[in-house]
Each structure stands twice: as C-alpha cells, then as structure tokens.
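Contents: one structure, followed by commentary.
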Amino acid sequence: MLEGYRDLFLQDAFKVGLISSSANHRDVGCLVWDETPDGVDVEVGPGVVVPDSVRLSIACLKIDCRCAVVEREGCRLHLAFVR
C-alpha cells in the first residue's frame, strides 16, 4: 500500500522542457525543478552551453516564451521570463 501512495505523491515532481536559441540549431532538453510567476529553475546536461537569451518550451505547463539566464551554478540555471 505504501508503494502506490509514494508513486502517486511523486509523479508530478519534475517537468521536462526544451531550450532553444538562434545560436544553436538543436533544442536542448532540460529538467524543470521549480516554477515561479517570474521564471523557472532548470538543469541541463553536463557540458551543455546555454546562451544568455533562449526560448523555453514546457508543454505540460503550457509555457512557450523567451527567457534570460540570470543565474548559473554548474548544470543548474535560473531562467527569468522576458515579457
């Protein structure tokens, strides 16, 4: 019984998004850790270079907007929505 409850609780812990830019011709997958009204915290793979200005798409949250990278810490980035 506890295992089923645990799966229900954890199923929406993270979201998957795509980062794209005019500098890169390929979309980069990211793991969305946290969302606020002003932006999101994401994690990209090691060695992935993300420019300062990007487009972020998160289908399940219905987000598709321009963002600015405002903080970097290793593979973790904070993206602020550009309005």
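The values are calculated or read from the model by the stated rules, or taken from the named source; none is laboratory data. Source: prediction; values computed, not measured. When we count neighbours, we look across all protein chains shown, and the Cβ atoms used for this are built from the backbone with ideal geometry, even at glycine. Each accessible area value is taken on the protein alone, full model and side chains, heavy atoms only, with ligands, DNA and RNA left out. Shrake-Rupley method; radii C 1.70, N 1.55, O 1.52, S 1.80 Å.
The order of the peptides 38-45, 49-56 by mean Cβ neighbours within 10 Å, most packed first, is 38-45, 49-56. I want the local charge near A68. Using Cβ-Cβ distances under 12 Å, sum +1 for each Lys or Arg and -1 for each Asp or Glu among the other residues. Here the charged neighbours net out to +1. Each residue was assigned an accessible area with a 1.4 Å probe, and for H78 the value is about 50 Å². Charge tally around V32: other residues with Cβ under 9 Å, Lys/Arg +1 each, Asp/Glu -1 each, net -3. The peptide list 15-22, 59-66, put in order of mean Cβ contacts within 10 Å with the highest first, becomes 15-22, 59-66. The residues packed around L79, meaning those with a beta-carbon under 15 Å from its beta-carbon, carry a net charge of -4 if Lys and Arg are +1 and Asp and Glu are -1.
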